[in-house]
Amino acid sequence: MRKSKQEAAETRRRIVKAAAAKFRQNGIGGTGLSDLMAAAGLTHGGFYRHFDSKDQIVAEACAAAAESLIDQLAASASGKSPQRGLKTIVENYLSAAHRDEPADGCPLAALGSEMARGDESTRAAATQALLKLVGVIASQFGKTRTDVARRRALVAAATMIGALTMSRMVTDSELSAAILRESEKHLIHQA
């Protein structure tokens with residue numbers, strides 16, 4: 001029996017959501033199509049009814065993961081003074097919880113090096129994610145000139161992504177915590 005367009009769209013959303021978590025958890029190269037379809041509660045055979053290639057699902061999953069994270073960060077800063085909003089964004093991003101749950105976190109930190117070697121659509125999704133993150137951060141610089149706020153936000157985003165990546169990479173838990181803590185202090189102090 002054929003699914004309705006609405007059912008097919010819902011199945012596709014479920015696959016994208018599952019893929020976003022699996023890719024962030026295991027990496028793009030470490031996640032097979034059967035893995036992500038199983039995570040979505042489906043069989044491997046149905047993948048090509050929804051997507052043309054693994055590259056397509058990678059780009060869509062990364063875009064969806066970034067959108068979710070950026071919405072969360074923007075919501076956490078909403079209604080706060082610019083300084084307090086930036087502090088909240090930085091604290092949430094550079095938290096131990098974010099470090100410890102890559103499947104729910106930032107795809108740029110979890111997959112950046114893999115996305116850099118991805119196809120054009122994957123790199124375009126990563127670029128859009130970065131620009132949205134920079135936009136949310138830049139909006140927290142209050143009355144600062146737009147160009148200055150954007151430059152500061154680029155540095156903040158790069159610092160946050162790099163610090164989160166490094167904190168996940170090291171084997172020393174104290175060093176990992178120090179990377180997050182010192183990066184947070186630096187960014188908040190600079191604001």
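The values are calculated or read from the model by the stated rules, or taken from the named source; none is laboratory data. Everything numeric here is computed off the predicted structure, so don't read it as measured data. Don't worry about glycine lacking a Cβ; one is built from the backbone with ideal geometry, like all the others, and counts go over all protein chains shown. For the accessible areas, the whole protein counts, side chains as well, though only heavy atoms, and no ligand, DNA or RNA atoms are used. Shrake-Rupley method; radii C 1.70, N 1.55, O 1.52, S 1.80 Å.
Annotations
- Of the helices (runs of 4 or more DSSP H) lying entirely inside the stretch 53-131, those containing at least 1 residues that are under 9 Å from the mean Cα position of the chain (by Cα) span 54-77, 107-116.
- Of the residues in the stretch 140-153, at least one is farther than 29 Å from Ala9 by Cβ, at pLDDT below 95 and small (Gly, Ala, Ser).
- Unique residue being under 24 Å from Ala19 (Cα atoms) and not charged (D, E, K, R) when the list is Ile70, Ile137: Ile70
- In this structure, Phe47 qualifies as open to solvent by less than 30 Å² (accessible area, probe 1.4 Å), in contact with a Leu (Cβ under 9 Å, 6 or more places away or on another chain) and at pLDDT below 95.
- Of the residues making up the stretch 33-41, none is touching a residue at least 60 places away in the same chain (Cβ under 8 Å), touching a helix residue (DSSP H, G or I) at 6+ places or on another chain (Cβ under 8 Å) and either of a type outside the set (Lys, Arg) or open to solvent by less than 50 Å² (accessible area, probe 1.4 Å) (or both).
- Residues within the stretch 132-174 that are part of a helix (DSSP H, G or I) and surrounded by fewer than 13 Cβ atoms within 10 Å (Cβ to Cβ), tallied: 6
- Residue in the stretch 14-31 that is nearest to Asp119 (Cα to Cα), counting only those that are open to solvent by less than 30 Å² (accessible area, probe 1.4 Å) and assigned to a loop (DSSP other than H, G, I, E, B): Ile28
- Taken together, Thr127, Thr122 contain a single residue that is more than 29 Å from Asp172 (Cα to Cα), open to solvent by less than 20 Å² (accessible area, probe 1.4 Å) and either among the β-branched types (Val, Ile, Thr) or modelled with pLDDT of 95 or more (or both), which is Thr122.
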